[in-house]
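Okay, so here's the structure we're looking at.
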Amino acid sequence: MKKTVLVTGATGAIGKATALELAKNNCTVILLGRNSEKLLKVKSEIIQATKNSDIETVVADLSEPKSIKQAAYEINSKYSSLSALVNVAAIFTKNRAENSQGFEYTFATNHLGPFILTNELLDLLKAGKPSRVVTVSAPSTTKINFDDINGKQKYSAGFLGAFGASKMMNIMFTYALARRLEGTGVTTSVFHPGLVKSELTKDMPKLLYFIFKTISSTPDRAAKTLCSLAIDKQYEKSNGTFLKFDGKEIQSNKYSYNKDLQEKLWAMSEQLSK
């Protein structure tokens, strides 16, 4: 049976490369992104490269809960099941900004967006079991400031600030979700792609951006593994795992395994989602 996989951030480097790999593996691929023109361009390129015409596009801004829920409604209306959801979309911004609801932009896009989308699509994933949720993150060591989740009192952008905190949230969200998915036929894992050439780091300080660009790999390697995590039988029971670019399991920071903090993050995210 043909698998149906949704990829967020589908116009970015990793998202586009992952969607291409999935299309090569004869999946129906749903491309989700903010820009309809870019999505259609990616769709056309994938169809041309793979001859797989089962490529769809959905426009949604992952920084805006209303936009996410509208997209989820469209997807739930059109499809009867999903084989996998691959949460790739992420941003890195050096200056603090807010979405329409007053949520800090990095937090809203990198954590709250995937949290809402995943929960909105769980029924489709359960209908498509065995199915998976794979969320792209990084081995963050940044602790979450629950008292200033929107960075109003103090804001810094980098790996020890808003971006690093959002990646920690991705990890903790995955672990909390894994407990909730036990016995449902849906599994979830978090994926570290390594350093990848992409537009994500373009707002970093120039020296750091140059270093990253120099030592980063192309997105192809990460995309192949992400495709495998989404559809290969060997990862069918990989629940609550943290995997790196070669598909091997690694351990995240000790802080990330704190179940009380995971549940605190979940409850807060659930409340903000309303």
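Any read-out appearing in this document is the output of simple, stated calculations on the displayed coordinates, not a laboratory observation. All of these numbers come straight from a predicted model, not from anything done at the bench. Ideal geometry is used to build each Cβ from the backbone, glycine not excepted, and the neighbour counts take in all protein chains shown.
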> Using θ = phi - 60° and the Karplus form 6.51 cos²θ - 1.76 cosθ + 1.60, what ³J(HN,Hα) does each residue of the range 132-138 get, whole Hz, x for Gly and Pro?
Replying inline: 9, 10, 10, 10, 7, 9, 7
>> Can you work out the Karplus-derived ³J(HN,Hα) for every residue in the range 91-102? Use 6.51 cos²θ - 1.76 cosθ + 1.60 with θ = phi - 60°, whole Hz, and x for glycine or proline.
In response: 10, 9, 10, 7, 10, 5, 9, 10, 7, 5, 9, x
> Summing -39500 (n - 2.57) over the DSSP H runs of n ≥ 4 in the chain and dividing by its residue number, what mean residue ellipticity at 222 nm do you reach, to the nearest 500 deg cm²/dmol?
Replying inline: -13000 deg cm²/dmol
> What nm distance separates the two modelled labels at residue 48 and residue 153, each placed 7 Å from Cα along Cα→Cβ?
Replying inline: 5.3 nm
> Which value, in debye to the nearest 20, describes the size of the charge dipole of the chain about its Cα centre when Lys and Arg Cβ atoms bear +1, Asp and Glu Cβ atoms bear -1, and nothing else is charged?
Replying inline: 460 debye
>> For a quick check: sort 34, 180 by the number of other beta carbons within 10 angstrom, fewest at the front.
In response: 180, 34
>> Suppose R0 equals 41 Å. What FRET efficiency, 1/(1 + (r/R0)^6) with r the Cβ-Cβ distance, do residue 260 and residue 127 give to the nearest 0.05?
In response: 0.80
>> Please list, ordered by chain and number, the residues whose modelled amide H lies under 5 Å from the amide H of residue 91; skip anything fewer than 5 residues away on the same chain.
In response: 110
> What order do you get for 66, 43 when you list them from fewest to most C-beta neighbours inside 10 Å?
Replying inline: 66, 43
> Ordered by residue, what ³J(HN,Hα) values in Hz, to whole numbers, does the range 246-262 give under the Karplus form 6.51 cos²θ - 1.76 cosθ + 1.60, where θ = phi - 60° and Gly and Pro are x?
Replying inline: 8, x, 8, 7, 10, 9, 8, 4, 3, 4, 5, 8, 5, 5, 4, 6, 4
>> With the crude spin-label approximation of a point 7 Å out along Cα→Cβ, what separation in nm comes out for residue 251 versus residue 100?
In response: 4.5 nm
> How high is the relative contact order of the range 1-74, in percent, counting Cα pairs under 8 Å that sit 6 or more residues apart?
Replying inline: 28 percent
> What do you get for Rg/Rh over the chain if you use C-alpha atoms and the Kirkwood form of Rh?
Replying inline: 0.93
>> Calculate log10 I(q)/I(0) of the range 38-196 for q = 0.12, 0.17 Å⁻¹, where I(q) comes from the Debye formula with a single equal point scatterer on each Cα and nothing for solvent.
In response: -0.58, -1.10
>> Just to be sure I understand the model, the point goes 7 Å from the Cα along the line to the Cβ. What's the resulting residue 35 to residue 78 distance in nm?
In response: 2.0 nm
>> At R0 = 22 Å, how high is the FRET efficiency between residue 268 and residue 141 if r is their beta carbon distance? Nearest 0.05 is fine.
In response: 0.60
>> Rounded to the nearest angstrom and ordered from largest down, what semi-axes does the equivalent ellipsoid of the range 1-126 get from its C-alpha gyration tensor (root of 5λ)?
In response: 24, 17, 11
> Got a sec? How would 132, 179, 96 order by Cβ neighbour count within 10 Å, fewest to most?
Replying inline: 179, 96, 132
